[in-house]
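What follows draws every value from the coordinates through simple rules; no lab data is involved. Please read all numbers here as calculations on a predicted model, not as lab measurements. Heads up, the Cβs are rebuilt from the backbone with ideal geometry, glycines too, and the neighbour counts pull from every protein chain shown.
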Amino acid sequence: MRNKAMLIGAVRAGKSTLTNALLGRKVEAFKTQTLSYYDWIVDTPGEYTENPMFYKNIMATALEVTHVLYLQDATSEKIIFPPGFSMGIPKLPIGVITKCDLPEADIDRSLGMLNTVMSEGPIVMVSSVTGMGIRHLKELTKLNDLQAMRHYVESTADEHLIFLG
Ligand SMILES: Nc1nc2c(ncn2[C@@H]2O[C@H](COP(=O)(O)OP(=O)(O)OP(=O)(O)O)[C@@H](O)[C@H]2O)c(=O)[nH]1
Ligand SMILES: [Mg+2]
């Protein structure tokens, strides 16, 4: 199976904009209303992560992918993932801190939040506007286990890429 990634996170976290950046699509993102499949990416509406009523949809869709990207908006004070959320999804986790280009981005706060969601895995600081971190996300989603992802992070000297755990 070709590797596939599902993007989850709050409403307006930047999932669709990141989808476009990863695929090089030069279009503007509109509000996501339903599960959306683009090449190797499954984009989800923020409501799926914000409302526990939709967790079953997230779990079912996770069966179709190899990686789950947990997006946290660097400018947001709120975390909408329940503690340990990634532990309930048996797919390779990647933490993504979005909107790192904005002056109000608080990377440390977002790192602390993602640390409650994932116990082990890479975290990438990205900007879909400047392209920061996009290359790392593409490489990480090609890797098929945590060990390989850890090795990628450790062998890539980039302060915007860390490995938890
Ligand atoms: N500055 C900046 N703005 C961003 C970035 N990513 C997304 N945005 C903006 O954030 C807003 C929400 O982005 P979307 O990609 O639509 O968010 P989403 O997570 O898909 O939202 P839903 O579909 O409602 O769940 C838009 O106005 C984007 O332009 C980024 O990296 N930097
Ligand atoms: Mg969207």
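The distance from the alpha carbon centre of the stretch 84-140 to that of the stretch 19-81 is 13 Å, rounded to a whole number.
3J(HN,Hα) along the stretch 32-37, derived from phi through the Karplus expression 6.51 cos²θ - 1.76 cosθ + 1.60 where θ = phi - 60°, amounts to 7, 9, 8, 3, 10, 9 Hz, with x in place of Gly and Pro. For the pair S119 and K138 in one chain, pulling the backbone fully straight at 0.36 nm per residue adds 4.7 nm over the alpha carbon distance. A helix-only calculation puts the chain at -8500 deg cm²/dmol for mean residue ellipticity at 222 nm, using -39500 (n - 2.57) for each DSSP H run of at least four residues, averaged over all residues. Taking each of K56/K99; K4/K56; K26/K91; K31/K91; K31/K78; K78/K142 in turn, the alpha-carbon distance tops 22 angstrom for K56/K99; K26/K91; K31/K91; K78/K142. Taking all Cα pairs closer than 8 Å and separated by 6 or more residues, the relative contact order of the stretch 49-107 comes to 40 percent. Cα-based values for the chain, radius of gyration first and Dmax second, are 14.2, 41 Å. For a modelled paramagnetic label at R2, 7 Å from Cα along Cα-to-Cβ, the residues of the stretch 22-53 in reach, with backbone nitrogen under 12 Å, are 38-41.
Rounded to the nearest 0.05, what FRET efficiency is calculated for M59 and L35 with R0 set to 22 Å and r the Cβ-Cβ distance?
After rounding to 0.05, the efficiency reads 0.95.
How about K138: which aspartates and glutamates have a C-alpha closer than 20 Å to its C-alpha, ignoring those fewer than 8 places off in the same chain? Hits, sequence-local ones excluded: D39, D43, E64, D73, D101, E120, E154, D158, E159. Placing dummy labels 7 Å off each Cα toward the beta-carbon, the span from E154 to V27 is 4.2 nm.
Put simply, the convex hull of the Cα atoms in the stretch 21-67 casts, on average, a shadow of 3.7 nm².
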